[in-house]
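Following: one structure in structure tokens, then a few remarks.
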Amino acid sequence: FGENDDCIGWPLGGEGQGMPWMFQMMNESRIGTATIGLGIGSLAAQNTTAYAKERVQGPHITKMRDPDTPRVPIIEHPAVRFNLLQMRARVEGMRALMFKATFLLDEISVTDDPEMQASKQNLVDLLTPMCKGWCTEVGLEVVQTGIQVLGGVGYTKDFPMEQLYRDLRVAPIYEGTTDIQALDLVGRKMMQNQGALFVALLQQIGEFLPSLGEHPRLASLGKIYENYCDTLSDLALGTQEVMQIRGIEGVVLHATPFLMFCSSVTAGWLLLQQAVVAHDRLEKLKHEHGIGDLDTAEFLKENPQARFYENKLITTQFFVEAVIPQYEGLMAAAKRRNYDPLDIVF
Ligand SMILES: Cc1cc2nc3c(=O)[nH]c(=O)nc-3n(C[C@H](O)[C@H](O)[C@H](O)COP(=O)(O)OP(=O)(O)OC[C@H]3O[C@@H](n4cnc5c(N)ncnc54)[C@H](O)[C@@H]3O)c2cc1C
């Protein structure tokens, strides 16, 4: 390893350029590591849903008092359904975020317009720590929930879930831990050009939101979503004040919760875009088959394509109404300007 002074090194990219070169490599591998969160999380969600349809345990809650009632597959228990949708919504959120980042990379590689390249690269730079930090953490949450849904066999080697957990557990650690991704997001990317990257992201979201204003199915969801954007914006604006009160320590103290919340809001924006498309396609399908609102439930049972679009709408609604607030909750300490972890003497 060079202890004998007989090693030769070649600086890549010239003196003083090590960090930018390192980051070019790191950013690619961070997106790659984020894929592990999405891939394993998605596999866990599929395995868990399949198991929940097979495993028979307990009576249905509506027939609990009837001793002769048959036992039902666990997918019929509300608590299990809640967990399954928690998993699915997270997987779809991760996939949306990953598709956005990698599609931008594709766009960069096919355009010769330097301005276009720069603006897309800026967004990739902002999304990279979100993909790496959020998708690896959220992928783990998905597997963890899946293990719980499987019950005892989720913990044993008889089923693949425990291995999925072990395989994924390293992803929030290597290629830079989640806290390091959060430092990258809050300490570097959001500080660049007086926050221009972050402002550009909020602007893009802001340009999309009016399209939900009069939407027949997504208007009220759009309003709920807008509140998260306001909170995100307020938190970012409040950074200056925190800097004055507690300095950079105070700012980065809440960086990881911020990364989790900011990423979930970004994923929500992308899911809402998908939901708009899903709604249009579903309406078109219904029109083609002459289906009125009263026949929709039956149509959804019979037509897998229609069910796919309807499920996309339901999943997006759940993501916005139930999943994003879980990450927003992580910001409670930041909102209250709580600095206890800095003050306590360990
Ligand atoms: C299975 C495996 C394979 C690996 N493969 C490779 C590889 O191929 N190539 C390679 O180069 N490396 C590899 N690594 C190393 C990996 O990238 C590091 O383990 C990882 O970056 C964390 O660094 P560390 O282990 O030194 O932890 P530390 O840096 O000691 O971190 C410990 C804790 O402190 C926190 N922390 C540290 N610094 C800060 C800070 N400034 N601000 C806030 N929190 C901080 C971390 O978030 C973490 O919670 C691999 C690791 C594993 C486990």
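The values are calculated or read from the model by the stated rules, or taken from the named source; none is laboratory data. Remember, it's a predicted structure, so these values are computed and weren't measured experimentally. With ideal geometry, Cβ positions are generated from the backbone for all residues, glycine too; neighbour counts draw on all protein chains shown. Remember, those area values only see protein heavy atoms, side chains included, never the ligands or the DNA or RNA. Shrake-Rupley method; radii C 1.70, N 1.55, O 1.52, S 1.80 Å.
Give me the accessible area per residue for the chain, probe 1.4 Å, as a whole number in Å².
55
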Report summary line: In nanometres, the difference between 0.36 nm per residue of separation and the alpha-carbon distance of GLN203 and TRP21 is 62.6 nm
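So what's the projected area for the chain, the Cα convex hull averaged over all directions, in nm²?
26.0
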**Report entry** Charge dipole magnitude, Cβ of K and R +1, D and E -1 - the stretch 26-176, Cα centre, debye nearest 20
**Finding:** 780
Requested in this report: Under 1.5 on a/c is rounded, so check that first for the stretch 5-123, then, if it is not, pick prolate when a/b is larger than b/c and oblate when it is not; a ≥ b ≥ c are the square roots of the alpha carbon gyration tensor eigenvalues.
Outcome: prolate
Query raised in the report: Among all the aspartates and glutamates, which ones have a C-alpha under 18 Å from LYS157's C-alpha, if same-chain residues fewer than 8 places away are not counted?
Result: ASP167
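Between ASP68 and THR231, what FRET efficiency comes out of the Förster formula 1/(1 + (r/R0)^6) with R0 = 45 Å and r the beta carbon distance, rounded to 0.05?
Taking R0 as 45 Å, the efficiency between THR231 and ASP68 is 0.30.
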**Report entry** Axial C-alpha extent at least 27 Å, average Kyte-Doolittle at least 0.0 - helices from the chain (DSSP)
**Finding:** 18-54, 78-110, 114-150, 219-253, 255-288
Query raised in the report: Which links in LYS132/LYS189; LYS284/LYS312; LYS189/LYS335; LYS100/LYS189; LYS53/LYS284 stretch past 25 Å when you go from one Cα to the other?
Result: LYS53/LYS284
Query raised in the report: For the chain, what's the relative contact order in percent, using C-alpha pairs closer than 8 Å and at least 6 residues apart?
Result: 19
Report task. Taking the Cα centre of the chain as origin, work out the dipole magnitude from +1 charges on Lys and Arg Cβ and -1 charges on Asp and Glu Cβ, in debye rounded to 20. Result -> 1140
Report summary line: Order by accessible surface, 1.4 Å probe, largest leading, for residues SER211, SER264 comes to SER211, SER264
Query - Where labels lie 7 Å past Cα in the beta-carbon direction, separation of VAL56 and GLN240 in nm - result: 6.6
Requested in this report: Have a look at THR33, ALA118, GLY146 and report the one farthest towards the positive end of the charge dipole of the chain, computed about the Cα centre with Cβ charges (Lys/Arg +1, Asp/Glu -1).
Outcome: GLY146
Query raised in the report: Quick one: how many Å² of TRP21 are accessible to a 1.4 Å probe, rounded to 10?
Result: 130
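For the stretch 177-346, take N as its residue count and report Rg(C-alpha) divided by 2.2 N^0.38 Å.
Against the compact-globule rule of thumb, the ratio is 1.29.
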Query raised in the report: Once the stretch 59-209 is represented by equal point scatterers at the alpha-carbon sites, with solvent omitted, what log10 I(q)/I(0) does the Debye formula produce at q = 0.15, 0.20 Å⁻¹?
Result: -0.90, -1.24
Query - Peptides ranked, highest mean first, by Cβ atoms within 10 Å: ranges 252-262, 54-64, 151-161 - result: 252-262, 151-161, 54-64
Query raised in the report: Carbon and sulfur together cover what percent of the accessible area of the stretch 160-264 at a 1.4 Å probe radius?
Result: 54
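Given the peptides 2-12, 230-240, 110-120, arrange them by the average over their residues of other C-beta atoms within 10 Å, most packed first. Intermediate results must be reported in sequence, preceding the final value.
Numbers: 2-12: 6.8, 230-240: 14.7, 110-120: 10.9.
Those peptides, ordered most packed to least, come out 230-240, 110-120, 2-12.
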Report task. Give the long-range amide H neighbours of VAL72: residues separated by 5 or more places, or on another chain, with amide H under 5 Å away, using H modelled in the peptide plane at 1.01 Å from N. Result -> GLN57, GLY58, HIS60
